[in-house]
1. Roughly how many debye, to the nearest 20, is the charge dipole of the range 33-132 about its Cα centre, given +1 on each Lys and Arg Cβ, -1 on each Asp and Glu Cβ, and no other charges?
2. What net charge do the residues around Glu110 carry, taking every other residue with its C-beta under 14 Å from that of Glu110, with Lys and Arg at +1 and Asp and Glu at -1?
3. What length, rounded to one decimal in nm, is gained on full extension from Ala89 through to Asp64, with 0.36 nm per residue of separation minus their alpha-carbon distance?
Amino acid sequence: MATSRRRRSRIAIAAAAIAAVGLTAGLTTGCDAVNKALDCVQTAEAVADSVTELQQAVDNASNDPTQIDEAIVSIGDNLDEIGSKTDNADLDKATADMRKALLEVQTAVENGDTTPDISGITDAAGELTKVCTP
């Protein structure tokens, strides 16, 4: 009978230990997901700020056309940062759409367009913000 109690006690201790490990892993994974979402939101905000800078650069292109390129590079850097922090399929699509729109604007500028249409970039930024909003 004493052996039976010890055996039950060991089983209970083992079960409690397994439950504690499972709970800890679950909490860690949950926090990791929250941190990734926060990183996404913060970086999406940085992209939105860069898009605003791009719009201002387009508006001021006659004064300093290099601002457009600088703004495009800044957006690309922010997209790289988002991509390194998450693995979300919707986010990947929004990022790819943004990169495509950036390439179109960059090509237009290289071809001499001093007032390129950046609506594709602003649309992609809106989608990126939607995807990153918790």
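None of the figures in this text is laboratory data; all of them are computed from the coordinates on show. Small disclaimer: the values here were computed from a predicted structure and weren't measured. A quick note on method: Cβ atoms are made from the backbone with ideal geometry, for glycine too, and the neighbour counts reach across all protein chains shown.
1. Working: 6 positive and 21 negative charges, 70 e Å.
Here the size comes out at about 340 debye.
2. On the way: positive: none; negative: Asp69, Glu104, Asp113.
That works out to -3.
3. Numbers: separation 25, 0.36 × 25 = 9.00 nm, distance 3.72 nm.
Residue separation times 0.36 nm, minus the Cα-Cα distance, leaves 5.3 nm.
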